[in-house]
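The values are calculated or read from the model by the stated rules, or taken from the named source; none is laboratory data. Predicted model only: the values in this text are computed from it and were never measured. We place every Cβ from the backbone using ideal geometry, glycine too, and count neighbours over all the protein chains shown.
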Amino acid sequence: MAGFKTHITLSTFLGIGYGAAGYANQIPLSSCLVAGGLCSLAGMLPDLDSDSGVPVREVTALTAALVPALMIPRFAQLGFDREQFVLATAIVYLTVRFGLGDLFKGYTVHRGMWHSLPAAAIAGLATFLLVSGADLPIRLFKSGAVVLGFLSHLVLDELSSVQVRRGRVRIRNSLGTAIKLWTTHSLWANVSTYGKLAVLVALIVGDPYLMRQLGVPPAEIRDATQQWWEQAGAARMSVDYPAAESPARR
């Protein structure tokens, strides 16, 4: 299994390359630097479920400092004044710094569903929500950096499961436990992971700033949702009360 230093080294090099590629494609330098840092940090995110204290301590400390900074545009959109801004930043920092690590330690198991492709998607979508801004391509660029760093960890874990010694290939039992879509060990872990993924997608679709960038008025989303619920209710009534046994004939 690859160690902490190996993961952070790989994700950092990928972050440098990712930021350079973005700069070559006319993305602002500041955004490229942020994306590179996000990719580097994301290379450690899967190990939040580790039993070792080093990954959890380092990742939570860095994340606690980075998340409030990423949320600056979101706070501005909410119209926070200076005092509210400071208070919100402090609350986010304390929540991540002293709550996130303990939550992952008690809620996850190492190489569980936090080591999976849906987890990488969750990390990317969460970043997309945090880095709110007026420029959609920049938000996508930064979110992609997190997904890239996260995936680098998963790929490296899988590669570390295949060892070649003296011309012999040894396959470890950990092969297939990092790059996966679901786990066979816990149904609840699958339901919980995909549930979080669905919630994040719903939050993104309901983000009025994003919808305006895409040219979709928020009212259309609300009306479409209401129409869907009405159709679902009508379908449910047709199942409960077939035409031959409608409430009026009873």
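A few comments on the model shown:
- Of the residues ILE8, ILE16, the single one that is modelled with pLDDT under 90, in a helix (DSSP H, G or I) and either under 30 Å from LYS180 (Cβ atoms) or polar (S, T, N, Q) (or both) is ILE8.
- Residue check, SER50 buried (at least 17 other Cβ atoms within 10 Å of the Cβ) and modelled with pLDDT of 90 or more: no
- For first residues located in the stretch 136-157 and more than 17 Å from VAL67 (Cα to Cα), partners that are assigned to a helix (DSSP H, G or I) and of a type in the set (Val, Ile, Thr) and lie 6+ apart or on another chain with Cβ distances below 9 Å form the pairs LEU156/THR6.
- A Cβ distance below 7 Å, combined with a sequence gap of six or more or placement on separate chains, defines the contacts here; from the stretch 75-93, residues that are in contact (Cβ under 8 Å) with a residue 24 or more places away in the chain reach residues that are among the aromatic types (Phe, Trp, Tyr) in the pairs GLN77/TYR209.
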